[in-house]
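Heads up, the thing below is written out as structure tokens.
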Amino acid sequence: MKYIKDRKEIIILFIVIIMAFFLIFYLYSLPYDALLYGYLLISICFICILSIDHYHYNKKLKQIEYLKREDKIEFEGSLLEMNLVQAFEQREKNLIGQNDSLEEQIQNIEDYFSIWVHQMKLPIAAMKLLLESDTIDVKACKSQLFRMNQNTDMTLAYIRMNSKQTDYLFQFYDLDNMIRKSIHYFAYEFVSMNLSMNFEQTNKKILTDEKWFVFILQQILSNAIKYSKKGGSIHIYFKASSLVIEDHGCGIEQGDLHRIFEKGFTGYNGRMDHKASGLGLYLCKGICKSLNHEISIESKLNEGTKVYITFLLETCKENR
């Protein structure tokens, strides 16, 4: 049908020629046997021409369909209007666009690793000073090693999240077990800062990927610990369809709240801390989107912060 549509002018021309022959033979009262022979000869020639043209048409069509499929070239109109030169020009534009996108990704990775190197240099320098002292402070060394481990975990998460082959394993996991695992990860930090943890069991199972969800919890707890005062407390509980992680630390300025999930944004607290990379919450937002969860934050300056991880009803059920 597409071929007939694209070649309708030629087919109409053939019909006109046939009608013209018939009219001439009719007006001059010529024998109809000659007319039939003429029709037969023209038809054979026309079929041969169409057969050859149809072969080249299909060959050209396959080339264009390949370009459309592989390079996402969009074109509306007949094949006669679509020149292969145009297709290759558009393919070249697509390749240039892909190259620009690849360069942007490379630049993003370079920017990230510049931040990562800066973050790693701080604990390394601190470790060097600690090891050069007469008496080694084991607790302080453990703290610096913990920071280095966190930075490494974040780097691996950043690389995996931007990979096209991210390995998600979705099934129902016990939410309380994942929370306990995240709390245990920061056991030393809780002790060193004399922080109390108020964890109310949720008795829920959620459809998620355990590895990535635990990473989200760890990033949120890391921020809660970092911006809490010594002797403070952190509260984890389930409300409506959301897991809430609440701290009573320094809070976030209202002007910063709408930008906290932006890549590289550290806000006032991050600038004062000098250790923030502005990537933790950015990664949490991206991973939550992939896991089909929602993340949001409420905060008041000098009062504390609440982080909400909200689940769809069908992805959250009672743990029985």
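No value in this document is a laboratory result; all are computed from the given coordinates. Keep in mind that what you see is a predicted model, and the values were worked out from it rather than measured. Positions of Cβ are backbone-derived with ideal geometry, glycine not excepted, and every protein chain shown enters the neighbour counts.
Just how many pairs of Lys in the stretch 126-268 have C-alpha atoms closer than 21 Å, counting pairs that are eight or more places apart or on different chains?
19
Return the sequence-ordered ³J(HN,Hα) values of the stretch 247-259 in whole Hz as given by the Karplus equation 6.51 cos²θ - 1.76 cosθ + 1.60 applied to θ = phi - 60°, using x for Gly and Pro.
Karplus-based 3J(HN,Hα) across the stretch 247-259 equals 10, 10, x, 6, x, 10, 5, 4, x, 8, 4, 6, 10 Hz.
If packing is taken as the average count of other Cβ atoms within 10 Å, what order do 201-212, 142-153 fall into, highest mean first?
Working: 201-212: 18.1, 142-153: 16.2.
Ranked from most to least packed, the peptides come out as 201-212, 142-153.
List the residues whose amide H sits under 5 Å from the amide H of residue 252, counting only those 5 or more places along or on another chain, with H placed 1.01 Å from N in the peptide plane.
Distant-sequence amide H within range of residue 252: 300, 301, 302, 304.
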